[in-house]
Amino acid sequence: MRDLAAFTKILLALMVSINSFLTTEPLVLAVFLGAEYVSVFFLTKKKSAARALAMLFVFACMLLGIQLLCGSSVTLSLLSAMRMAIMANSMVLVLFSTKTQQLTAALVKQCHLSYSYAFMVTAIFRFVPDLLAESHSVSEAQACRGYKSGGSPYNRMRSYMMLIKPMVFRAIARSENMAVSLEMRGFGDSSRRTFMSETHMVVVDYAAVAFFILFSVCLLRFL
Amino acid sequence: MIEIRDMTYGYNEEKKVIQNVSFSLRNGEILAIAGRNGTGKTTITRLVMGLLKPEQGTVFFDGRDVTQSPAAERSAVIGYVFQNPDSQIFANTVLEEAMYSPLQHGYSGKQAEEKARKALREVALLEFAERSPQLLSRGQKQRLAIASALAAEPEVLILDEPTSGQDCRERVQLLRLMRKLNEEGMSILLVTHDMDILAEHATRMLVLEQGHIGFEGKPAELFSDKEKTEALGLELPEAVRVSAELGLPICLTPAEIYAKLVRRTGTHA
């Protein structure tokens with residue numbers, strides 16, 4: 001997936017998500033899901049992507065359990081859990097295999113989204129690792145003053161406040177800095193804007209899309 | 001007081017940031033850690049604090065092996081002040097912020113308040129006790145972080161680049177505070193890039209070089225050897241350079257230069 005254009009990846013993620021709603025056959029969904037799990041190992045080669053998919057798998061299992069407990073049928077519960085996993089996995093695969101700048105360029109140039117909105121989308125993804133690093137450093141700083149996240153759920157909730165507050169303050173300061181530094185460098189002047197990492201669809205992209213359509217049609221038709 | 005023995009640590013399998021490093025922080029001294037960026041200065045302090053677990057090696061505190069004890073437990077005897085105080089400030093008032101650590105260590109509210117007030121007095125922030133910490137200047141926040149650590153009455157204080165991002169006045173205040181705490185018996189482990197601070201305040205120094213200790217000894221020993229200092233990626237302190245240019249024996253502080261000049265010329269300014 002690394003060699004594909006950002007737009008192709010977005011397209012494939014959308015198609016796999018749409019396909020998951022076109023079928024009520026768990027076997028077809030299992031094939032899509034399996035293909036995503038295989039993709040993460042062979043295409044992104046990132047441990048963090050595999051971890052994210054594993055977490056989503058656990059979340060899907062929880063969703064399945066909750067639905068069963070709420071009285072839904074096994075098939076319906078399985079279908080909705082698998083659909084959720086397929087959609088979320090496809091997004092994870094796109095995010096982990098595409099540079100943020102490429103994603104922004106694809107959203108603006110090929111999806112014709114306004115640059116401000118495209119930037120918002122990619123800024124959120126950029127903020128996630130930053131916030132994770134921030135939360136790590138905050139929890140370390142608090143551990144140095146005896147912070148332990150144990151005890152009753154109420155105590156835990158209370159003690160999380162001492163992590164959340166500094167994180168929020170630092171996140172606000174960081175976003176203010178970011179906004180100022182963007183303004184200072186001409187953010188918003190979109191008419192003349194160029195992109196550093198623009199990717200265009202080439203033969204391999206069209207082939208990938210064609211193959212995926214064929215693969216999906218065969219799955220949906222014959223399984 | 002603190003002894004590190006044969007410590008090895010790496011953030012990934014391929015490259016070890018620290019390799020078989022051994023050193024000790026003695027009672028009542030200021031031990032400075034210096035070195036190029038990425039040589040593992042902060043990593044060492046995090047290993048001492050228990051924020052990282054070593055792959056190999058042992059940490060002793062007063063002869064007791066504390067390698068496996070978590071940071072929260074070590075915080076009763078070791079205070080750690082981060083480079084950026086904003087990482088830890090969460091309370092609504094300066095006093096509450098300073099009370100957190102003693103409360104975590106099981107003191108009653110009254111005892112915690114007494115300890116917090118004492119620590120705030122020590123860092124000259126008592127008058128701001130009821131103010132929001134977010135309204136303090138960078139230097140005041142750094143002093144609040146020190147007070148928060150002091151409130152638990154630790155025996156050792158780790159300061160990671162304590163003067164970074166501070167103006168001249170705040171920097172002087174902080175260094176005076178560090179000196180005062182040391183004179184009162186506090187052992188200090190100081191990470192710094194500032195050779196002037198190091199020369200003026202450190203009792204001993206360690207210089208890290210590619211995961212190993214490149215130098216360990218008194219600042220004067222290293223700074224009297226210009227080639228070695230530069231080979232370790234450090235600059236000579238200003239006082240050392242000026243004293244060399246004036247043809248004086250090595251001086252680590254402007255006060256020493258002045259004293260030696262007075263002795264040489266026999267006149268006071």
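The values are calculated or read from the model by the stated rules, or taken from the named source; none is laboratory data. This one's a predicted model, so the numbers in the text were calculated from it and none came from an experiment. Methodologically, a virtual Cβ is constructed for each residue, glycine included, from the backbone with ideal geometry; neighbour enumeration extends over all protein chains shown.
When you go through B:137, B:148 one by one, which is the residue that is within 14 Å of another protein chain (Cβ to nearest Cβ), of a type in the set (S, T, N, Q) and in contact with an Asp or Glu (Cβ under 9 Å, 6 or more places away or on another chain)?
Exactly one residue qualifies, and that residue is B:148.
Every residue in region A:132-188 that is among the basic types (Lys, Arg) and either in a helix (DSSP H, G or I) or over 20 Å from residue B:49 (Cα atoms) (or both), please.
A:156, A:158, A:165, A:170, A:174, A:185
Name the residues in region B:92-110 that are touching an Asp or Glu at 6+ places or on another chain (Cβ under 7 Å) and either surrounded by fewer than 18 Cβ atoms within 10 Å (Cβ to Cβ) or within 8 Å of another protein chain (Cβ to nearest Cβ) (or both), would you?
Result: B:93, single match.
Please verify whether region A:192-214 includes one or more residues that are over 23 Å from the mean Cα position of the chain (by Cα), outside any helix (DSSP H, G or I) and either over 28 Å from residue A:123 (Cβ atoms) or of a type in the set (Val, Ile, Thr) (or both).
yes
Yes or no, residue by residue, for (1) surrounded by 13 or more Cβ atoms within 10 Å (Cβ to Cβ); (2) assigned by TED's automatic domain parsing to the domain that holds residue B:34; (3) closer than 22 Å to residue B:164 by Cα; (4) among the aromatic types (Phe, Trp, Tyr):
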| residue | (1), (2), (3), (4) |
| --- | --- |
| B:200 | yes, yes, yes, no |
| B:226 | yes, yes, no, no |
| B:250 | yes, no, no, no |
| B:256 | yes, no, no, no |
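Take the residues of region A:132-148 that are of a type outside the set (Gly, Ala, Ser) and more than 9 Å from every other protein chain (Cβ to nearest Cβ): which is farthest from residue B:157 (Cα to Cα)?
The selected residue is A:132.
Go through region B:1-33 and give me each residue that's acidic (Asp, Glu) and without any contact (Cβ under 8 Å) to a residue 12 or more places away in the chain.
B:13, B:14
Being more than 30 Å from residue B:89 (Cβ to Cβ) and either over 14 Å from the mean Cα position of the chain (by Cα) or assigned by TED's automatic domain parsing to the domain that holds residue A:29 (or both) is the requirement here; does residue A:132 meet it?
In short, no.
Among the listed residues B:101, B:75, B:69, which satisfies the condition of being in contact with a Lys or Arg (Cβ under 8 Å, 6 or more places away or on another chain), closer than 24 Å to residue B:23 by Cβ and not aromatic (Phe, Trp, Tyr)?
B:75
Go through the residues of region B:140-156 one by one and say whether even a single one is within 12 Å of residue B:81 (Cβ to Cβ), at pLDDT below 90 and of a type in the set (Val, Ile, Thr).
The answer is no; no qualifying residue exists.
Hey, which of the helices (runs of 4 or more DSSP H) in region B:2-108, taking only ones fully inside, have at least 1 residues that are under 15 Å from the mean Cα position of the chain (by Cα)?
Passing ranges, in order: B:41-49.
Take the residues in region A:56-75 that are exposed (fewer than 12 other Cβ atoms within 10 Å of the Cβ) and either modelled with pLDDT under 90 or more than 21 Å from the chain's Cα centre (by Cα) (or both); name whichever of them is nearest to residue A:221 (Cα to Cα).
A:75
Please enumerate the residues belonging to region A:143-153 that are within 30 Å of the chain's Cα centre (by Cα) and not hydroxyl-bearing (Ser, Thr, Tyr). Please lay out each step first, then the result.
Residues of region A:143-153 within 30 Å of the chain's Cα centre (by Cα): A:149, A:153.
Within region A:143-153, A:153 is the sole residue that qualifies.
Looking only at region A:104-131, filter to residues that are free of Cβ contacts under 8 Å to residues at least 40 places away in the same chain and in a loop (DSSP other than H, G, I, E, B); which one of those is surrounded by the fewest Cβ atoms within 10 Å (Cβ to Cβ)?
So the residue we want is A:112.
What helices (runs of 4 or more DSSP H), lying completely within region B:148-240, carry at least 3 residues that are over 30 Å from residue B:113 (Cβ atoms) and more than 18 Å from the chain's Cα centre (by Cα)?
Values: elements: B:168-183, B:195-201, B:219-223, B:226-231.
Where helices (runs of 4 or more DSSP H) fall fully within region B:148-240 and carry at least 3 residues being over 30 Å from residue B:113 (Cβ atoms) and more than 18 Å from the chain's Cα centre (by Cα), they are B:219-223, B:226-231.
Here is a check on your reading of the model: is residue A:12 part of a helix (DSSP H, G or I) and either in the same structural domain as residue A:204 (by TED's automatic domain parsing) or modelled with pLDDT of 90 or more (or both)?
yes
To keep it simple, each residue is scored yes or no on (1) within 13 Å of chain B (Cβ to nearest Cβ); (2) among the charged types (D, E, K, R); (3) over 20 Å from residue B:74 (Cα atoms).
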| position | (1), (2), (3) |
| --- | --- |
| A:126 | no, yes, yes |
| A:150 | yes, no, no |
| A:155 | yes, no, yes |
| A:159 | yes, no, no |
| A:166 | yes, no, yes |
| A:169 | yes, no, yes |
| A:173 | yes, no, yes |
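How about region B:66-91: which of its residues are facing chain A (nearest Cβ under 10 Å) and small (Gly, Ala, Ser)?
The answer is B:71, B:72, B:75, B:76, B:79, B:87, B:91.
Restricting to region B:153-178, name every residue that is farther than 26 Å from residue B:40 by Cα and either of a type in the set (Asp, Glu) or not assigned by TED's automatic domain parsing to the domain that holds residue B:45 (or both).
B:153, B:167, B:170
Condition check: more than 8 Å from chain A (Cβ to nearest Cβ), under 22 Å from residue B:171 (Cα atoms) and modelled with pLDDT under 90. Does residue B:127 satisfy that?
no
Do we find a residue being modelled with pLDDT under 85, out of contact with any Cys (no Cβ under 7 Å at 6 or more places or on another chain) and within 13 Å of another protein chain (Cβ to nearest Cβ) anywhere in region A:177-187?
yes
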